[in-house]
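First comes the structure, then the notes that go with it.
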């Protein structure tokens with residue numbers, strides 16, 4: 001188990017070395033827990049979170065019967081994109097952390113693209 005956690009940490013570092021959020025193109029960071037999915041848009045230059053969404057957000061709290069599936073990831077992608085567009089953010093950089101670009105991560109990214117985010 002320790003080796004898999006270590007390898008995941010290396011993948012996270014490798015992705016983060018290539019992906020930086022700026023004022024013009026903030027970073028959309030995704031975290032996939034066992035029960036919930038979290039996404040936040042971050043400006044790394046100033047070190048602030050511009051907006052965030054998760055399956056625990058009040059907007060999604062009653063809509064979801066399951067919070068750890070692809071449908072939930074799509075709802076989170078829609079919500080984060082809606083919040084970003086309201087703040088005037090269109091172009092972002094996608095940070096998938098160490099996760100593969102399949103399943104929930106891909107569903108969240110596709111839903112965010114459909115709602116108007118460009119990455």
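The values are calculated or read from the model by the stated rules, or taken from the named source; none is laboratory data. As the structure is a computational prediction, the values presented were derived from the model and not from experiment. Please note: Cβ atoms are built from the backbone with ideal geometry, for glycine as well, and neighbour counts cover all protein chains shown.
Taking the stated definitions as given, is residue 5 outside any loop (DSSP other than H, G, I, E, B) and surrounded by 12 or more Cβ atoms within 10 Å (Cβ to Cβ)?
In short, no.
When the stretch 56-110 is examined, which residues are found to be in a loop (DSSP other than H, G, I, E, B), touching a residue at least 24 places away in the same chain (Cβ under 8 Å) and within 25 Å of residue 5 (Cα to Cα)?
Hits for the stretch 56-110 are 67, 68, 69, 96, 97, 98, 99.
Residues checked against (1) modelled with pLDDT under 95; (2) surrounded by 14 or more Cβ atoms within 10 Å (Cβ to Cβ):
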| position | (1), (2) |
| --- | --- |
| 52 | no, yes |
| 62 | yes, no |
| 72 | no, yes |
| 81 | no, yes |
| 91 | no, no |
| 98 | yes, yes |
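Restricting attention to the stretch 37-50, and to residues there that are surrounded by fewer than 17 Cβ atoms within 10 Å (Cβ to Cβ) and touching a strand residue (DSSP E or B) at 6+ places or on another chain (Cβ under 9 Å), which single residue is farthest from residue 97 (Cα to Cα)?
Top of the filtered list is 48.
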